[in-house]
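The values are calculated or read from the model by the stated rules, or taken from the named source; none is laboratory data. Just so it is clear, the model here is predicted, and its values are computed rather than measured. Here the Cβ positions follow ideal geometry from the backbone for every residue, glycine too, while neighbour counts run over all protein chains shown.
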Amino acid sequence: MKLVVLFFSILSFFTIDKDKKFKNEETCVIYLEDGITKSGKLELPVKSGSKFIVLKTNEKKEKVELQKIDKLEVIINGAKIEYHNLKVFNFSGKKIQKNKRMMLQTVKGKVNLYIGTLDWSSTINSASGWQAMNLTGISYYCIRDGEEAATLIHENFGQANKNSDFKLYGSTYFYDNETIVKKIKNKEYTYEDILKVIADYNR
């Protein structure tokens, strides 16, 4: 139960209304890829598509490049959460993307679940002409021990059919569990049941 409560409280960081200028500073430790560690206050949420994060130490601000970070440890309400900088596959699941993604480790087990931000932009033709559209949503990635990179299983940026990509990506990723695959294809499991899917798979 505590895991579920923590999951949804953390998830709220990703879905907060931008117009409210949400800020929440928490104590953190940054582990850089070169072995150096830094500690201080970090503003949440951590945007996985950002180029850097701002660390506050002794009233000073320091920009730290996201691609140089290996892991973040953050304390929220007395509980430690971790962000990991992971290699990720592209949408096809065949090619590893150039940049890593900083994502929150939500479930640890046989298969690990990570969530992060998804930045999407396009140009649409409206009554007033061509306009740029920029959306920010949530992406869900899974990775097993020994896998070279994390695999996308769902993304939510306000699309009409939110379950279509989970049905495709989820049934492909969990191919080695026939029961789970069947439930995903029959919509017994939808994108809203990601935690249940991971829990069933990790039994």
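Among the residues of the range 68-96, what is the count of those that are modelled with pLDDT under 90 and either farther than 17 Å from Ser39 by Cα or not hydrophobic (A, V, I, L, M, F, W, C) (or both)? Here the count works out to 8. The set of residues in the range 43-68 that are under 15 Å from Thr117 (Cβ atoms) and part of a strand (DSSP E or B) comprises Glu43, Leu44, Phe52, Ile53.
Is it fair to say Ser39 is among the polar types (S, T, N, Q), over 14 Å from the mean Cα position of the chain (by Cα) and at pLDDT 90 or above? Don't jump to the end; show me each part of the working.
Details: among the polar types (S, T, N, Q): yes; over 14 Å from the mean Cα position of the chain (by Cα): yes; at pLDDT 90 or above: yes.
Yes.
Scanning the range 148-168 for residues that are in contact (Cβ under 8 Å) with a residue 40 or more places away in the chain and of a type outside the set (Val, Ile, Thr) yields Glu148, Ala149, Ala150, Leu152, His154. Beta carbons closer than 9 Å, at least 6 apart along the sequence or on distinct chains, pair a first residue in the range 11-40 that is assigned to a loop (DSSP other than H, G, I, E, B) and surrounded by fewer than 11 Cβ atoms within 10 Å (Cβ to Cβ) with a second that is modelled with pLDDT of 90 or more and β-branched (Val, Ile, Thr) for Ile36/Ile30.
Of everything in the range 66-89 that's β-branched (Val, Ile, Thr) and crowded, with 18+ Cβ neighbours inside 10 Å, which residue is farthest from Thr151 (Cα to Cα)?
Let us first name the residues in the range 66-89 that are β-branched (Val, Ile, Thr), namely 69, 74-76, 81, 88.
Now narrow it down to the ones that are crowded, with 18+ Cβ neighbours inside 10 Å: 69, 74, 81, 88.
Working: Ile69: 20, Val74: 24, Ile81: 21, Val88: 6 Å.
This residue is Val74.
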